[in-house]
1. Could you tell me how many degrees, from 0 to 90 and to the nearest 10, lie between the Cα long axis of helix A:136-148 and the main elongation axis, the longest principal axis, of the Cα atoms of chain A?
2. Can you flag which of A:LYS24/A:LYS207; B:LYS3/B:LYS214; A:LYS107/A:LYS177; A:LYS226/A:LYS276; A:LYS109/B:LYS3 are past 22 Å Cα-Cα?
3. Specify which residue in the list A:ASN104, A:PHE303, B:ILE148 is farthest towards the positive end of the charge dipole of the protein assembly as shown, using unit charges on the beta carbon of Lys, Arg (+1) and Asp, Glu (-1), about the Cα centre.
4. Let me know the charge dipole size of segment A:172-310 about its Cα centre in debye, to the nearest 20, where only the beta-carbon of Lys, Arg (+1) and Asp, Glu (-1) is charged.
5. For segment A:120-159, what does the alpha-carbon gyration tensor say about shape, rounded, prolate or oblate, given a ≥ b ≥ c as the root eigenvalues, a/c under 1.5 as rounded, and a/b over b/c as prolate?
6. For B:ILE162, A:ILE202, A:ILE179, which order do you get if you count the other beta carbons within 10 Å of each Cβ and list the fewest first?
7. For chain B, take the longest principal axis of its alpha carbons; what is the angle in degrees between that and the long axis of helix B:20-33, to the nearest 10 within 0 to 90?
8. Is the shape of segment A:3-222 rounded, prolate or oblate, going by the alpha carbon gyration tensor and its root eigenvalues a ≥ b ≥ c, with a/c under 1.5 for rounded and a/b larger than b/c for prolate?
Amino acid sequence: MEVSVENLSKSYGFQKAVDSISFKVNTGEIVGFLGPNGAGKTTTMKIITCFMAPNDGDVKVGGLSVQSNPEAVKRHIGYLPETNPLYKEMPVIDYLQFVAEIQNVPKSKIRDRIFEMVNVCGLRGEKYKKINELSKGYQQRVGLAQALIHDPEVLILDEPTSGLDPNQIVEIRELIKKIGREKTVILSSHILAEVEATCDRILIINKGQLVADGTASSLRKQAQDKEIVKVTIEDGNHEEIYRSLQALESVELVDLLPHYTMAFEVQSKAAMNSRKAIFRLCVEKGWSLTEMTPVERKLEEVFRDLTITN
Amino acid sequence: MNKIWIITKRELRSFFDSLMAYVMIVLFLGFSGFFTWIFGSDIFLVGQASLQSFFGISFWTLFFFIPAITMGLLAEEQKSGTIELLMTKPVSDWQIIAGKFMAALLLICITLALTLPYYFTVANIGKVDHSAVLMGYLGLLFMSASYISIGLFTSSITSNQIVAFLAALFIGIFFHLIFGLVSMSSGGWFASLLGNLSLATHYESMARGVIDSKDILYFLSIIFAGLLGTELVLSRRHASN
């Protein structure tokens, strides 16, 4: 089921939280929502889940508008809010029963669904405990279980792995990936590595506006128009190597890495490529080229560039 | 309807899980029992086989207890954020409101049902006017429903339960006492207007065993106004401006 966000705007008083954002998420796609605090991620998610209405624009889930058809939309969405609110005084199993009933899960299937969710989310040992007796990580699993219980077509997860330990994070990521093969998943996170590991596509928003949209590698390329390679050259004079590299036609800048490693970072001029030239230079001079690796910019740097300069 | 019942069931369970229901029932039975049978103008002093004294004392106990029941219904959900959970499920605001209203009303029904032994006892002692007792209970239920709807409204405007409780008492005391008092001490159309607005007037006529469509209409209007106010507050959240 497709989610399409069309020119969405929402302001709180004079402050614009979301400023005409548009994007589309297709079935079988996992989209990561990135942005600094207060960028409008949570607001956008609250609008998609029909908790808030936009000031302008619309969101369509499977062609149904959140404004004119909220109840039909809500039936298809599983939502884990950022604060993971739960009825803390209820036992896990009763809580899941309540959510299943209210989500229109047929009576005959409720038991099976609860059983499945308890297994999938690793709650078998805790199902009779009251929710407020569980640790934060287990509460997060309950939140995830309630979002998944009606097998929704669209899954909206606001920071799904917060509070989980590393093992649980890996499990939940695998789970999200599995679900994402058939369903539409939108998740937000502060952890860039997580988004990179789980998501097919990344959306970066800043101050309510969409500033980037693409896969992790395309974002890196987009932010980095000049090629950088790290080379290690041995059997030569450090000073001479440095000068020869700098003299190459396509090279803009050579960075010295610590002296003893004989390594250099070579940045090419825009839209040029110096890898062949470096190789030929080494052959000519009789140096041994022991390493040549393209330096990829980290997603963190891309993120910083996009969200600080704007 | 089904959705309303799901929400009612959950609320009712949480009343019993949080001991609120037991405290309410014990205190109510304690107060009303004490003043009906043991102290003050009790049944033996009056010397009539009627439940007038019970209806008189319930009129006040319920007035104080109902805001305590309703104060958490929405305020607590807004404080803990579970309102977001509820409102992103496929239920309408009206279903949420109706479900919570029904839960509080059912708790009152259970409490009042536990006072039925009073009726059987009195019926054994002497000749009881059965229809008057029935009307008295009906009056209590209508009064409770009115205060529940006011309490639900005050619970929707805040995330603080104490504020919700006090606001419900504040609004309630006008209907319960003040309109009646002012009406008595003034005259003309103003007095009759306030007299008609006073809940006590309508309750007393029912508790005496007189049924009048005017009284029923009065209670239904308060219930409707309270629920409508709650809906307006809740829908502000997804208003598009």
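Throughout, read-outs are computed from the coordinates displayed, never taken from laboratory work. Model, not experiment: these values are computed from the prediction. A quick note on method: Cβ atoms are made from the backbone with ideal geometry, for glycine too, and the neighbour counts reach across all protein chains shown.
1. Around 70 degrees separate the two axes.
2. Exceeds cut-off: B:LYS3/B:LYS214; A:LYS107/A:LYS177.
3. Looking along the dipole axis, the top candidate is B:ILE148.
4. Using only the charged Cβ atoms, the result is roughly 620 debye.
5. prolate
6. B:ILE162, A:ILE179, A:ILE202
7. 20
8. prolate
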